[in-house]
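Undergrad: I'd like to ask some things about the structure below.
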Amino acid sequence: MKIGTRKILVLALEYTTSILDNILADCPAQYAKEDGTPQIRWSKVTTKLKDLDTSKIHYIQVPKEHIVIDFDLKNDAGEKDAVKNLQAAYNFPPTYAEYSKGGAGVHLHYIYEGDVDKLASVYSEGIEIKVFKGNSSLRRRFSKCNNLPIAHISSGLPLKGEKAVIDFKVTYNENAIRTIIQKNLNKE
């Protein structure tokens, strides 16, 4: 994507075959009910991810060290913005990525080589760190992804009790400046 003569780098999600479906094929999984919640208690689930059509909304119990950075940045209208999310995700270490259930958010998948219990749940406004332990599970509906393997990381994420990595005021100001620049480029 280009703004004026400056190229903005974004993560490209162009593939329609998920490596995650193969890697997590034997993990417990189940479809969502109409209201979007899991159908049954995890103690009664006998299906595995390989038994499901992953293009439908489903839940999967992933290994504890498997974390997801969830990008849900919004535009000025308050709607999830796929381009903003792809642009923000591009700045993280390269790893397997896919669109979230709705198609405008982005999930980056990592294997965390540390104590996941110490990770903060918020990276910054609109960016969460999801850790799946106990009966928690990843909700997804596969549409498109990249073709990278799941990367291993051991640092760079905020820990509980630490200040968020990004100052919300700075983020707001940067977004306001980008909006002004875009409007000027569009001669609005």
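Undergrad: Which GluC sites (Glu not before Pro) in the range 31-102 sit in a loop by DSSP (not H, G, I, E or B) and have at most 11 other Cβ atoms within 10 Å of their own Cβ?
TA: Answer by residue number: Glu34, Glu79.
Undergrad: Which three numbers, in whole Å and largest first, are the semi-axes of the equivalent ellipsoid of the range 68-143 derived from its Cα gyration tensor as √(5λ)?
TA: 21, 14, 12
Undergrad: Multiplying the sequence separation of Ala12 and Glu113 by 0.36 nm and subtracting their Cα-Cα distance, what value in nm do you get?
TA: Computed gain between Ala12 and Glu113 is 33.8 nm.
Undergrad: Loop-only check: which chymotrypsin sites (Phe, Trp or Tyr not before Pro) in the range 29-130 are DSSP coil with at most 16 other Cβ within 10 angstrom?
TA: Sparse-neighbourhood loop chymotrypsin sites (Phe, Trp or Tyr not before Pro): none present.
Undergrad: Let me ask another. Can you find, among Asn22, Thr47, Pro63, the residue sitting farthest towards the positive end of the charge dipole of the range 1-127, where Lys and Arg contribute +1 and Asp and Glu -1 at Cβ?
TA: Asn22
Undergrad: Sort all Cα-Cα distances of the range 25-74 into consecutive 10 angstrom bins from zero, then give the percent of pairs in each bin up to the one containing the longest distance.
TA: For the range 25-74, the binned pair fractions read 24, 48, 25, 3 percent.
Undergrad: Taking the Cα centre as origin and putting +1 on Lys and Arg beta-carbons and -1 on Asp and Glu beta-carbons, what dipole magnitude results for the range 1-124, to the nearest 20 debye?
TA: 180
Undergrad: Still on this structure: For the range 1-154, count the residues as N, evaluate 2.2 N^0.38 Å, and divide the Cα radius of gyration by that value, please.
TA: Against the empirical 2.2 N^0.38 Å value, I get 1.05 for the range 1-154.
Undergrad: A further question on this structure: How many nm is it between the label spots at Arg41 and Ala77, if each spot is 7 Å from the Cα in line with the beta carbon?
TA: With each label point 7 Å from Cα toward Cβ, the separation is 4.4 nm.
Undergrad: How much FRET efficiency would the formula 1/(1 + (r/R0)^6) give for Leu159 and Ser136, where r is the Cβ-Cβ distance and R0 is 25 Å, rounded to 0.05?
TA: Calculated transfer efficiency: 0.85.
Rule-based calculations on the coordinates, nothing more; no lab input. For clarity, every value in this text was computed on a predicted model and none was experimentally measured. Cβ sites come from the backbone with ideal geometry, for glycine too, and all protein chains shown count toward neighbours.
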